[in-house]
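A short worksheet on the structure shown next.
The values are calculated or read from the model by the stated rules, or taken from the named source; none is laboratory data. Just so you know, these numbers come straight off a predicted model, no measurement behind them. All Cβ positions, glycine included, derive from the backbone under ideal geometry; neighbour counts span all protein chains shown.
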Amino acid sequence: MTDTIPMHVTRYRPEQETAPTVEEYEVPLRRDWAVLDGLNYIKDRQDGTLSYRWSCRMGICGSCGMTVNGEPMLTCATFLTEYKPGPVRVEPLSNFPVIRDLVVEIGDFLRKLPKVMPWIVRDTEKPTAEGEYLQTPDEQDAYKQYSMCINCMLCYSACPVYGLDPHFLGPAAIALAQRYNLDSRDHGAADRLELLTHPDGVWGCTLVGECTRACPKDVDPAGAIQRYKLTAAMQSLKAFLLPRGAR
Amino acid sequence: MTDVHDVVLVGGGAAGLRAAIAVAEADPGLSVAIVSKVYPMRSHTVSAEGGAAGVIGADDTLDDHAYDTISGSDWLCDQDAVEAFVAEAPHELLRLEHWGCPWSREPDGHIAVRSFGGMRKMRTWFAADKTGFHLLHTLFQTTLKYPGIARYDEWLVTRLLVEDGRVQGVVALELMSGRVEIITARAVVLCTGGCGRVFPFTTNANIKTGDGMALAYRAGAPLKDMEFVQYHPTGLPFTGILITEAARSEGGWLINKDGYRYLQDYDLGQPDPKPVLRSMELGPRDRLSQAFVHEVEKGRAIDTPYGPVVHLDLRHLGQRLIDTKLPFVRELCLNYQNIDPVTELVPVRPVVHYMMGGVHTDMHGATPIHGLYAAGEAACVSINGANRLGSNSLPECLVFGARAGRAAAEYAAAAPAPGSAVLAQGSDEQRRLERDLLSRTGGPERIAVIRDGMQQVMEDSAGIYRDGDALAKGAEALRDLQQRARSATLDDHSHTFNTELIAALELSNMLDVAEAIIACALQREESRGAHQRTDFPGRDDDRFLAHSLVYRQPDGACRIEYLPVTIARWPPGQRVYGR
Amino acid sequence: MSAPPIYTEFHPRWYRKRMGTLWWLHRRSYLVFALRELSCVFIAWFVIFLLLLAHAIGGGNHAYHRFLDWAANPFVIAVNIVALLFVVLHAVTWFNLAPKAIVVRARGRRVPSPLIAGTNYLAWAALSAVVAWLVLRS
């Protein structure tokens, strides 16, 4: 008799119900199986109506974020054996509207992302014929960590500020802004200042720190935000103290 | 409801995003839209690891890169396309750098390059071992700069609208709401990637189901060189997760159960403690995968519950190098195999990785159907021929994505507006999706069962080594599966984010593509590159120095023609590695 | 150029779970966060207490002793003990979080967090030692 583990999965079928329900399934408990493998087993063999997102199953595409036993996780990188004997409770990511079952709507982030100007802004461009913009390994280390974001939204799910106030710009968006601010090739820090120093920008963050704890790629968005608070404060101070010409 | 655009890109990976930028830059007045069944940053480009090749070394030349690519392809690629490709690759990679891509650097700040399989010079640019991830995110974030690029995120294109021999738009299903819309366009570029999911063990994500290939195929465009399926020599045994070639280019060894570097037995050179270009573990992927099969036959592979494996030995590289150059590899091994490559051997086996074949295009991404273009893994230009060299596919997406984008923009600017005749086709498709699929109940089989069956057929008939009998049996099995798929049951009849419906549509795409693969493999009676026939073990340039073109007949059968390869400055020769 | 189809941000069928008022009790980390935020109230209390003390000193011997008597009241002592605990929580949590905002790079590598936090603790200990010496040397 093979080992099995119960999975309690939140279901939401908007065409039939107005609130989510929980359905219980039993899946084989294999050493190599991630929570995602459990969900695939349910969908392939037991209940084809279960909807969820997944793609790469190696923790790099960011599709499969869900709440597992109360914590936001990438289900492809979380293993069933960690929850023995179960049950494994799988719910959609919190703080997002639920479209269906375990699928949440992340359009809010995609609308916010372009606002932080997540691209290289330059005073002067150089044609590719003239080669690369030089950047030493040290200069790259300055922003490298913040470039690791896979847009999985686990940080938004963990952030109580975002849960209480969806206008908050959010950890990943600010971390990506920092990724460009700290890139030695970028000259756009001044352009990003206004949005980031808006009350819904960095100042919305009260340093709960859950975003960094939830991040599967060690981006440390909390760190990115606090650093920017310091940067922004210094900017304000400079603007206040120094005459216009010297700034 | 109908939406109107000038250029529609199907697929939002490296090729699709690059093409969109190319259209927006070539002609800002054109209305361009990216229609992707996933959010663009989820596209499978994201999992590419090793690097992207482009000539920048002082000691490197375009001809060298071209020769490596041509010989790597076993002379099946079109040399004029390769020459254009190697010339444009460095510029595309530099453009990515200008857009912010964090290429790894030398201490003095210049772009660093590393060696890669089948290349005689070091020319592979890399961003640690997450090159595809950084490339995709850089491209995606750069597209946000162009407000004119519209995006249809999580819309699946189910049909191309073709009338009068020209493409006039697409029909797409919005996952969130289930609504089916007609999006008319003057030009369509297919950038939907490959179809690794027709096989059971693959590095490919769940989304790689050959959608664009099937769309073009059904619209009357031929698929080219479909029999050439690349097996990547080092995938993890259960999941198929990719362990990048960079692990070998940094010095990793492949050893069998006796701890012996077995590649030396297969005319790939002599073992050297340091990696030697174009030798041993830096040989081309097809030869390495074939060597694995022989090792298994000789009983020298290691048996595991997931089948035979060999070992990848990275221990001698040291923790510092692994953490700097191969951090993602270490993370993957720890998470998915509970193994630390710094101190332990990594079990690996060949897994399906890339499709050399795809929608037949010319050097500008144009298919024989007017207004229909293709780029990236979904297309076959061909620059990869019978076997692709590692680190050629990311620049391929960029170079041909840009080319196809520019060509599509030029065509769209001059093309007449789509006629109203296609609207009838669109309505037909809307009805088909509603009637044939959503209303289907009580069928005898689940989709997963048919899909597993297809994957097993492909593994048995179209693996690394093939023969006529197995292929013929495979073709018949696939015909049977096509029949069964038509009556497969659907549990989910909802309109809201119905992923089972998507799976059914993807399955039908995969079955069409699988039939094309087997038909081409059966016709090609020779062994070349990644297509190895035990009943025809030699290369036959007299009959087969040509691309297979497969056309779909009205009854679903495959009709195959041959198109001679364009040979320019490099006459066919022998592929020599390790000497 | 037609705009892409836009869904209203408040699609009627999407399910939105409201965060309960007691959301901060749902997780240990949220609770610690809430307590940390609450600790500011006690910082403010100590400031007021010190101001009252200063005022009392300024008011002469009599006012000063009245203040001390009031401060010796068990209720006030209890409040001050609780306040002290919260202030310690405040200091510890903020010192530990300081490295997040202060990133110092030396010789190509980031100065490790414990060093930055440790510097704060050291300064705290040093200052406390100085104050203690000043107060106790009589």
task = Sort through A:Arg53, A:Arg11 and tell me the only one that's basic (Lys, Arg), modelled with pLDDT of 95 or more and under 30 Å from B:Thr244 (Cα atoms).
result = A:Arg53
request  = Please tell me if B:Gln168 is under 16 Å from the mean Cα position of the chain (by Cα), surrounded by 23 or more Cβ atoms within 10 Å (Cβ to Cβ) and in contact (Cβ under 8 Å) with a residue 40 or more places away in the chain.
outcome  = no
ask   = Condition test on A:Leu169, is it under 22 Å from the mean Cα position of the chain (by Cα) and not assigned by TED's automatic domain parsing to the domain that holds A:Ala77?
value = yes
key: Among (1) closer than 30 Å to B:Trp99 by Cβ; (2) more than 8 Å from chain B (Cβ to nearest Cβ); (3) among the polar types (S, T, N, Q), the one test that A:Thr81 misses   = (1)
key: Matching option when the condition is exposed (fewer than 11 other Cβ atoms within 10 Å of the Cβ), modelled with pLDDT under 95 and part of a helix (DSSP H, G or I), among C:Leu84, C:Leu31, C:Leu50, C:Leu89   = C:Leu50
task = Could you tell me which of the residues A:Tyr180, A:Tyr146 is facing another protein chain (nearest Cβ under 9 Å), surrounded by 22 or more Cβ atoms within 10 Å (Cβ to Cβ) and either of a type in the set (Gly, Ala, Ser) or part of a helix (DSSP H, G or I) (or both)?
result = A:Tyr180
When residues of segment C:111-127 are limited to those that are surrounded by 12 or more Cβ atoms within 10 Å (Cβ to Cβ) and of a type in the set (Gly, Ala, Ser), the one modelled with the lowest pLDDT = C:Ser113
ask   = Is at least one residue of segment A:183-193 crowded, with 24+ Cβ neighbours inside 10 Å, within 25 Å of B:Pro327 (Cα to Cα), outside the structural domain of A:Ser63 (by TED's automatic domain parsing) and in contact with a Lys or Arg (Cβ under 9 Å, 6 or more places away or on another chain)?
value = no
task = Considering only segment A:110-131, state which residues are over 25 Å from A:Gly59 (Cα atoms), facing chain B (nearest Cβ under 7 Å) and at pLDDT 95 or above.
result = A:Ile120
request  = Would you point out which residue out of B:Leu549, B:Leu522 is more than 16 Å from B:Lys208 (Cα to Cα), outside any helix (DSSP H, G or I) and more than 14 Å from every other protein chain (Cβ to nearest Cβ)?
outcome  = B:Leu549
key: Top-ranked residue of segment A:28-67 - restricted to ones that are over 23 Å from the mean Cα position of the chain (by Cα) and at the interface with chain B (Cβ under 7 Å from one of its Cβ atoms), ranked as nearest to B:Gln337 (Cα to Cα)   = A:Asp32
key: Evaluation of B:Gly318 against (1) of a type in the set (Gly, Ala, Ser); (2) crowded, with 23+ Cβ neighbours inside 10 Å; (3) without any contact (Cβ under 8 Å) to a residue 40 or more places away in the chain (one fails), failing number   = (2)
Tally, over segment A:87-109, of residues that are over 19 Å from A:Pro14 (Cα atoms) and either within 7 Å of another protein chain (Cβ to nearest Cβ) or touching a residue at least 60 places away in the same chain (Cβ under 8 Å) (or both) = 4
task = Among residues belonging to segment B:82-103 that are assigned to a helix (DSSP H, G or I) and either within 7 Å of chain A (Cβ to nearest Cβ) or small (Gly, Ala, Ser) (or both), point out the one that is nearest to the chain's Cα centre (by Cα).
result = B:Ala89
remark   = The number of residues in segment A:204-247 that are within 13 Å of the chain's Cα centre (by Cα) and in a helix (DSSP H, G or I) is 7
request  = Pick out the one residue from C:Arg137, C:Arg110 that is within 14 Å of chain A (Cβ to nearest Cβ) and without any contact (Cβ under 8 Å) to a residue 60 or more places away in the chain.
outcome  = C:Arg110
inquiry  = Checking the conditions here, which among B:Ala504, B:Ala485, B:Ala514 is surrounded by fewer than 23 Cβ atoms within 10 Å (Cβ to Cβ) and part of a helix (DSSP H, G or I)?
reply    = B:Ala485
request  = Find all pairs meeting these conditions: Cβ atoms under 6 angstrom apart; at least six residues apart or on different chains; first residue within segment B:530-559 and without any contact (Cβ under 8 Å) to a residue 12 or more places away in the chain; second residue of a type in the set (A, V, I, L, M, F, W, C).
outcome  = none
note = Among strands (runs of 3 or more DSSP E) entirely inside segment B:331-445, those with 3 or more residues being within 26 Å of B:Thr202 (Cα to Cα), touching a helix residue (DSSP H, G or I) at 6+ places or on another chain (Cβ under 6 Å) and touching a residue at least 60 places away in the same chain (Cβ under 8 Å) are B:346-355
query = Give me the pairs: first residue in segment A:217-235 and farther than 11 Å from A:Ile174 by Cβ, second residue assigned to a helix (DSSP H, G or I) and polar (S, T, N, Q), beta-carbon distance under 8 Å, and six or more apart or on different chains, which are they?
reply = A:Asp218/A:Gln145; A:Asp220/A:Gln145; A:Asp220/A:Thr212; A:Thr231/A:Asn181
ask   = Inside segment B:189-298, counting only helices (runs of 4 or more DSSP H) that do not spill past its ends, which hold 1 or more residues that are among the acidic types (Asp, Glu) and closer than 30 Å to B:Glu429 by Cα?
value = B:211-219
request  = Scan (1) within 14 Å of chain A (Cβ to nearest Cβ); (2) under 25 Å from the mean Cα position of the chain (by Cα); (3) modelled with pLDDT under 95 for the single condition B:His493 breaks and write down its number.
outcome  = (2)
query = Quick one: which of B:Gly118, B:Gly109, B:Gly54 is more than 17 Å from B:Phe133 (Cα to Cα) and modelled with pLDDT under 95?
reply = B:Gly118
ask   = Where in segment B:114-177 are the strands (runs of 3 or more DSSP E), entirely inside, with at least 1 residues that are more than 14 Å from chain C (Cβ to nearest Cβ) and under 25 Å from B:Tyr411 (Cα atoms)?
value = B:155-163, B:166-174
inquiry  = Against the definition (surrounded by fewer than 24 Cβ atoms within 10 Å (Cβ to Cβ) and of a type in the set (Ser, Thr, Tyr)), how does B:Thr61 come out, yes or no?
reply    = yes
inquiry  = Restricting to segment B:117-131, name every residue that is among the aromatic types (Phe, Trp, Tyr) and closer than 14 Å to B:Leu326 by Cβ.
reply    = B:Phe126
